[in-house]
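Here is the structure we will look at.
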Amino acid sequence: MNNPFLEHTTAQEYDRLLGFPIIKTVRKKESQILNNLFEKYLRVNDTVLEIGSGTGHYSMNMAKRVQSLVALEPSAAMSNFLEKKISAEAIGNIRIITSSFENYHSKSTFDHVVAIGVLDYVRDGKNFLERCLGLAKKTVIFTAPQKGIWSAIYALAARREQKISIYRYTKKQLENYLSGCEIQIHETAFTSLLTKGMTLVVVAEKNNSKKTE
Ligand SMILES: C[S@@+](CC[C@H](N)C(=O)[O-])C[C@H]1O[C@@H](n2cnc3c(N)ncnc32)[C@H](O)[C@@H]1O
């Protein structure tokens, strides 16, 4: 499986990495955008499927806003780490399932399907997003590396250091994959006049979704 978190990166290392100033800086705007989206879309009676929950960086935030959250994570180390966090914070509405999305076959649907930092590793992004849309009643919220100089450097480093592929996308490509939805795309991480941002934060709102603002 093209996933560095199964072998190369331990859960503790990843969680420590998230606290590094450089990573915090890179993810600051992404976190702000995601927080605003959670604020706008997540409601107390809603259910969430979070694909690739990792150590729960966003899970806790979302769980506090909704009725229940299923945290889907293929790495047992990440799942165990999140389990401990949940116990420590006495959060009762997160259920962890240790599985990849590809091996997860749910009969239930969810109000929101969220995948942050996951599409990077997914070979068939189109199919992945179509499945997300199939499971979501209201929105699919995700991030994806945007094709450009920064993500090219990121992909090169991942190939060299971890022997994994990083899949990168254009806005057009994502718009095509999500046709039929109302889409907002935010660009973040190293965005400048000369360079495209490394990360796209996307919300695809299903047309039947009714917002309560
Ligand atoms: C960069 S981490 C992001 C974790 C968390 N969402 C965050 O923002 O901190 C990517 C996570 O996606 C998981 N992942 C990778 N491929 C996956 C797949 N096919 N299905 C489900 N999760 C996957 C990894 O195990 C890892 O925990």
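Checked against a 28 Å cut-off, the cross-linked pairs Lys84/Lys137; Lys84/Lys147; Lys28/Lys138; Lys84/Lys196 give Cα-Cα distances beyond that limit for Lys84/Lys137; Lys84/Lys147; Lys84/Lys196.
Ordered from highest to lowest accessible area with the whole protein assembly present and a 1.4 Å probe, His105, His112, His8 read as His105, His8, His112.
Using DSSP H assignments, which helices in the chain have an axial alpha-carbon span of 30 Å or above and a mean Kyte-Doolittle hydropathy of -1.0 or higher? Qualifying helices: none. Among bridges DSSP assigns within the chain, what percent are antiparallel (round to 5)? So the antiparallel bridges in the chain amount to around 40 percent.
Near the amide H of Lys147, within less than 5 Å, lie the amide hydrogens of Tyr169, Thr170, all on another chain or at least 5 residues away, with H placed in the peptide plane. Computed over protein heavy atoms with a 1.4 angstrom probe, the accessible surface ordering of Met62, Met198, largest first, is Met198, Met62.
For the peptides 16-25, 75-84, residues were scored by their other Cβ atoms within 10 Å and the scores averaged per peptide; the highest-first order is 75-84, 16-25. For the residues Arg123, Arg65, Arg160, a GNM of the chain with alpha-carbon springs under 10 Å puts the largest fluctuation on Arg160.
Only protein heavy atoms count here; on that basis, with a 1.4 Å probe, Ile166 has an accessible area of about 20 Å². Entry comment: accessible area of the chain is 52 Å² per residue, from protein heavy atoms only and a probe of 1.4 Å. Solvent-accessible area of Asp111, all protein chains in place: 20 Å² (probe radius 1.4 Å, heavy atoms, ligands and nucleic acids excluded). Across the stretch 1-112, C-alpha contacts under 8 Å between residues 6 or more apart give a mean separation that, scaled by the residue count, equals a relative contact order of 26 percent. Computed per residue of the chain from DSSP H runs no shorter than four, each worth -39500 (n - 2.57), the mean residue ellipticity at 222 nm is -11500 deg cm²/dmol. Taking amide H atoms as placed 1.01 Å from N in the peptide plane, the amide H of Ser99 lies under 5 Å from those of Glu73, each 5 or more residues away in sequence or on another chain.
Of the residues Glu175, Glu73, ranked by 1.4 Å probe accessible area with the largest first, the sequence reads Glu175, Glu73.
The values are calculated or read from the model by the stated rules, or taken from the named source; none is laboratory data. Every value quoted in this text rests on a predicted model; they were computed, and no experiment measured them. Note that we place each Cβ from the backbone using ideal geometry, even for glycine, and neighbour counts take in every protein chain shown. All accessible areas refer to the heavy atoms of the entire protein, side chains included, with ligands and DNA or RNA removed. Shrake-Rupley method; radii C 1.70, N 1.55, O 1.52, S 1.80 Å.
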